[in-house]
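For reference, the structure is listed below as C-alpha cells.
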Amino acid sequence: KADTSKYLMGGPMMGFEIPDLAAPVIKATNCVIAGSPTLFPPSPPEMPCIRCGACAEVCPHELQPFELYWFARARNFGKTQEYHLFDCIECGCCSYVCPSHIPLVQYFRFAKSEIWSREREKQAAEAAKARFELRNARAEREQAEKAERLARASTARSSERKPASAVASAAVVEAGVSGALASEPAVASSAVDADAQKKATIVAAMERARAQRAAVQPRNTGQLSAQQQREIAAIEARRAALQAESPPDTVTPPERAAE
Ligand code: SF4
Ligand code: SF4
C-alpha cells in the first residue's frame, strides 16, 4: 500500500521487522504484515523501569521480565539464564503493558543472540582444541611408529652386520698379526745390523789395542831357546785358531785374557 513503511514477519506483537522483502519465507513464517505509521505509531521514548511489576503479572511463563531486563542491559548473560531467559516465548505481553515503554522483548532477543553467539564461539574453540589434540596425538603416534620402524631396521642392520664386523675384526687382527710378522724381520734385521756394528767396533778396538801393545811392549823373545820359540809359536797358532773359530761376540778381549 502507499502508506506502507515497514514489513513485519510474524504477528503484531511477536513479529519483527525485516529489512527487505527479499528475505526468505521460512518454516516458522506465519505471516508478513505491511506496517504503516497509522497501524504502528512510533514508540514513545523509553523510560526507566519503575518496578511496577506489570510485566511479571502478564507473563504467561511466570517469569520476571524486569529482572531479565536489568541483567540483559548489564550484559550479565549468566544471570539472565539463571532467571530462565530461554523460557521466554517472546510473546511481547510484557512490552505491551510496560508503562515505561521499554522494549523488553528486544532486550531478551539481544541477550539470547549474544548467548548463542558465545556458545557458537565456545563450540568452535572446543572443536579447534579437539582437532589440535587429535593432530598432536596423531603426530605423536606417527613419531612413535617411525621410531619403532627405525629401531626395527637398526636391529636388522646390526644383526646383518655382525658377521661382517666379526670378519672385519678378524681381518683387522690378522692384518695386525701379519703386520707384526712383517715388521718383525725388519726389527730383527735392524737388531742384527746393530749387533754387527757393535761387534765390528769391538773388533776394531781390539785390533787397535793389540797394535798399541805390540808397539809399546818390547818383545823379550830375543834370547829364547828354540824349544821356547816353538812352544810360543804353537800357543800363538792355537790362539789364532781359537780366535778364528770363536764368534766375534765370544772373543775374549786381550786385556781380560791377559788378566
Ligand atoms: S512493566 Fe516495565 S516498568 Fe514495570 S516493572 Fe516491568 S519493565 Fe519495569
Ligand atoms: S515476552 Fe517473555 S518475559 Fe515477556 S511476557 Fe512474554 S514470555 Fe514473559
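The values are calculated or read from the model by the stated rules, or taken from the named source; none is laboratory data. Computed from a predicted structure; not experimentally measured. We place every Cβ from the backbone using ideal geometry, glycine too, and count neighbours over all the protein chains shown. Heavy atoms of the whole protein, side chains included, go into the accessibility calculation; ligands, DNA and RNA do not. Shrake-Rupley method; radii C 1.70, N 1.55, O 1.52, S 1.80 Å.
What to note about this one:
- Residue count for region 15-55, restricted to those that are within 16 Å of ligand 1 (Cβ to nearest atom) and in contact (Cβ under 8 Å) with a residue 24 or more places away in the chain: 11
- Pair list, Cβ < 7 Å and 6+ apart or interchain, from region 111-126 residues that are closer than 21 Å to Ala74 by Cβ to residues that are hydroxyl-bearing (Ser, Thr, Tyr) and open to solvent by less than 50 Å² (accessible area, probe 1.4 Å): Ala111/Thr80
- Checking Arg73 against (1) among the charged types (D, E, K, R); (2) open to solvent by less than 90 Å² (accessible area, probe 1.4 Å); (3) under 23 Å from Met13 (Cα atoms), the condition it does not meet: (2)
- Test result for Met9, open to solvent by 40 Å² or more (accessible area, probe 1.4 Å), among the hydrophobic types (A, V, I, L, M, F, W, C) and touching a residue at least 12 places away in the same chain (Cβ under 8 Å): no
- Number of the exception - Glu90 against (1) at pLDDT below 95; (2) surrounded by fewer than 16 Cβ atoms within 10 Å (Cβ to Cβ); (3) within 60 Å of the chain's Cα centre (by Cα): (2)
- Residue list for region 27-70, restricted to those being open to solvent by 50 Å² or more (accessible area, probe 1.4 Å) and more than 30 Å from Asp3 (Cα to Cα): Pro48, Ile50, Arg51, Cys52, Glu57, Val58, Pro60, His61, Glu62, Gln64, Trp70
- Selection count where residues are within 16 Å of ligand 1 (Cβ to nearest atom) and open to solvent by 70 Å² or more (accessible area, probe 1.4 Å), scope region 106-128: 1
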